[in-house]
Structure formats: C-alpha cells, structure tokens
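What follows is a set of notes on a single structure, which appears directly below.
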Amino acid sequence: MYHISDVKKFNRCPLLFLNDYTSKNTKYEPYVRLDETVSTLVVDKLKIDYYFLGERNDPKERVLEVLDQYEWFVKARFEYKELRVKVPFLHKTDKGYDVYFLFVGLYPRADDLQLYTDTIWVLEGNNLEINDIKMIHLNADYVRQEELDVNELFIISDYFYTDNHHPKILVKDAIESHMIDLTHTLKKMNATTYDTIDQPARSAKCFGRVKCRHFDTCFKSELVPDNSVLNLIGSRYRYDMDTEGRKTLKEADIEKIEGTRIQYAQIMADYNGGLFIDHLAMKAWLENVTFPITFLDFEWERFAIPPYFGMKPYDVLPFEYSIHIMDEDGTLSHKCFLSIHDDRKEFAKRLIEDVPKEGTIFAFNAVGAEIIRIQELANQFPKYKEDLLNLNKRMKDLQFPFEVGLVYDTRMNGSWSLKAIMNMLDDKGYNDLNIAQGMDAVYQWRILDREEDDPRTKEIIEELKEYCSMDTYAMSVVYRWLLGFIQNQEVV
Ligand code: SF4
C-alpha cells in the first residue's frame, strides 16, 4: 500500500522512493513548529458538531461503511488500487461531495497540484461524486490577541494563489485539468526493487527545493574536486556539462552558463589557480566600516500557528543572540542572550543595551534574516522601536561580497555559507561543536521549550551558546580575511 508522498517521491527519483519506503519509521523533525492539531482548529472554524473521524490504521472499508451516516468526514482514509489517501475534510451535499484540502501555509499555489489530483483520483475511484474543491489555509494578515481566533486564523478559498499572492486559479478547474490515471505509475512502483533500479546518477533531481537527504549516501564515494563544474552556483546545465566532459569551472560552456557575477568569479578563480578577488570593489565596500565593529547573529524558532500575543502565522520567535565586538586594535569581546520560551521583550531590551552605540554592525545574510527580525521586534514592541531601527541603519551584510562575486575561493566548493567559508579558513571552527547547524540549534531549543525538566537542559544551553557564539566569531575571521586582501596581505 502506498501514500501520496510515495508517488511524489517515485516521480522525483525511484531510488528516493525506495529508500524512504523501506525505512518508513524514520521520523524527520519539521522545519516549522506545529504543536497544535490543526484539524481540530479547523473543525471549530467550519462549525462542525457531529462528524466521522478517521484514524491512522483504519481499514479501507471503515469510512465506506458509514458514508450514509454522516454529513462531515474528517481525516477519512480512502484507498484505490493500493493508493491510500487521507482526506482532510469531506462534506456531503445534495449535489455531491465538497472536498476541503488543508494547507498549513499562507498562500496555496498550484505547485503541489499532484498531491490534490491524486486524492481526487482515489475518491472518484471509490465512486464519490465530487461537487466542489476548496483550500483551507492560514490568513497571512491575522495577528493573534490573547486568545486564538480560528475564524480569523483560517481562510477558505476557491483559488490557488499566484507568486504575487493573488487568488487567480480556480482549485477545481486546475485539479480536473491535471487529473491523470495513476494505474501505470503504481504498477511501476510495485515492480521497483534495489535489483531493478539504476545506479544513482547525480542530477538536478537530487537538489529540488531542498537537497535530497540521501545525497551523501548515494554519492559518498565520489569526491568532487574544488574546481569541478558541478560546483558552479545556480547552473541549470552543470550536470550536462560534466557529462559532456567539461569537468572544471574554467571549461564551462559559455553557451550554457547563466552568466551571473558569482559564476564569473568562480570561473576566474579557477583560471587564477583557486582565488578571484575584485580588489577595487572590495575596497569600496569595506571603506565605510567603522569601529567598534559588532558581529551579530540571531537564532529563532518559526511557528505555523502564532502561539503568543502579537504574532502572525509563520512569525518567528527569536530566542538567542550572540555578539562579538571588535575594537580598533583587533581585540574581541563577546556577549550573548538565550531565553527559553517567549522572552522577546527582554531580548529586544538587552540587544539595544549590548550592541555598542556606534560602529558598523555585521550580520551574515543580514538582509534576509537579522534586519527582518529586528523590524519585527520593532513592530511588536513600540517602546523599543526607535532604538531597534537605529541598529538596522548601521547593519551591513557580510554575505554581500560572496553573493555578488567580489570574492571566490574554489575551496568554498560552490557554497558561500558561513560554515563553508569558515571551514576553509579555520579547520577547527564548527567541527568541534555538538551543534553544527542552525536547524540543529532550533531542534535542541525545542527540547528546552517543551520539556522544562529535561536532564540535558544545562548541556543544551551550553551547546546553544557555543554554536551561536561560533557564528559571530566566524564572522570576525571572515572579516579579517577580506580586509587582508585590501591590505595586500591575507590575515587568517
Ligand atoms: S540523492 Fe539523487 S539519486 Fe540519490 S536518492 Fe536522492 S534524488 Fe535519488
């Protein structure tokens, strides 16, 4: 028996499907926190008093046997040709069944259409006549007060949204026009075994929206040289070029590259023996940096359903910051703040106190993270608004010279993450830490937030402080490295 996610994985890569299907019990911690049972909240939104509630191991006959007895069906399990689906909400009307898909996000788009069409395919296979199809999603404009208001929290929509968040594509029409018969796919899935499957081949499917979690297993024996064309950032054709025998960055086919500044920097770095630096542009960028320099980094949790006053769906709760302060003579001092549970007000207050009143503030990906977090805190706590926004005025993004190709070192292996750069400059760096990635920090903080008396509390607090502190220390190392170029010497 298969689920819709199995079909989706099979269409992406049969090996991915097989790996996950044969290790079904592996649990992955979600990126976004969702503590509530959303369907219970939606039951309130839809004002349903009496309904059939499906359960995980329901035999396929269970819901079919009671179709006449209920008007509403919540999480009912249906099966057709070995494909099992869970239908979030099903409403029997005089004209047929209305299906409500639940999208725990802000703007459902037609991207995941297959998921919905497969569900409708199964329902129709069970001879249910579908009258209408709607989406239930979170309201991006909702701001939580003391209590959660489910009427305001959810929106029921007949439409998928465009990239600009306009409701434009009728859900029912889109699903009907993309309906396919899955019989053939399910047969192929049945016939797929490790004996029949091809050797893994590195291609765009291994990356998708996020890198496949089996990547290191599939390709662990393949060592990619630093200057491999496979490291060409944002290249659609890097696999094609590699297959054609254009193995290195400097051999990249000019007709097949997008021509971004970072790609230019990568290719020039390979021509130069490993390093490209645009000295003039770098000098101009570093020119207006003033002391004391603050290196700032936040850690935060993201909640789908706002758990606290003043928060919107998918708002974040900053829980930790680290600050390294560099004086003109190069000495570094460190400060940090860590809260368990919601302490945003104290976070904002202490941040204003801890950051020096003058000098440049660096954050890595400041534009995509710290500047936004500070703006959010300013909106939530008007008392600190002015001081917080003054921090943003002094902020400079340390990621900038990397993302626009002012500098590239082939040892970065196609990544400009702080960790990749730090590992190149200082081989101790992150490698000695128990928490070595941002999401690991979030997962550990979840333990603290959920379990007051966890025996590892002290240890986790120390590990979180070490990790956040490493981020700001790493920024100081990267800054010195960049400065070294315009001082005509590399200082590492
Ligand atoms: S890494 Fe690539 S080949 Fe391996 S399972 Fe994932 S998608 Fe398939």
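The values are calculated or read from the model by the stated rules, or taken from the named source; none is laboratory data. Here the structure is a predicted model, which is why all the values come from computation and not from measurement. Backbone-built Cβ (ideal geometry, glycine too); neighbour counts: all protein chains shown. Note: areas computed on protein heavy atoms with side chains; ligands, DNA, RNA excluded. Shrake-Rupley method; radii C 1.70, N 1.55, O 1.52, S 1.80 Å.
Odds and ends about this structure:
- Looking only at residues in region 109-127 that are outside any helix (DSSP H, G or I) and free of Cβ contacts under 8 Å to residues at least 60 places away in the same chain, the one that is surrounded by the most Cβ atoms within 10 Å (Cβ to Cβ) is R109.
- Number of residues in region 77-96 that are under 15 Å from K187 (Cα atoms), part of a strand (DSSP E or B) and either among the basic types (K, R) or in contact with a Phe, Trp or Tyr (Cβ under 6 Å, 6 or more places away or on another chain) (or both) equals 2.
- All helices (runs of 4 or more DSSP H) inside region 377-458 with 1 or more residues being polar (S, T, N, Q) and open to solvent by 50 Å² or more (accessible area, probe 1.4 Å): 385-393, 418-425
- Matching entry among T196, T185, T217, T192 (being within 16 Å of the ligand (Cβ to nearest atom), hydroxyl-bearing (S, T, Y), farther than 30 Å from K47 by Cβ and surrounded by 14 or more Cβ atoms within 10 Å (Cβ to Cβ)): T192
- If the condition is being polar (S, T, N, Q) and either at pLDDT below 65 or more than 16 Å from the ligand (Cβ to nearest atom) (or both), then region 6-49 contributes N25, T26, T37, S39, T40.
- Some residue of region 307-325 being modelled with pLDDT of 95 or more and either aliphatic (A, V, I, L, M) or open to solvent by 50 Å² or more (accessible area, probe 1.4 Å) (or both): yes
- When region 157-182 is filtered for residues that are within 30 Å of L317 (Cβ to Cβ) and open to solvent by 70 Å² or more (accessible area, probe 1.4 Å), the ones remaining, listed by number, are D163, N164, H165, H166, P167.
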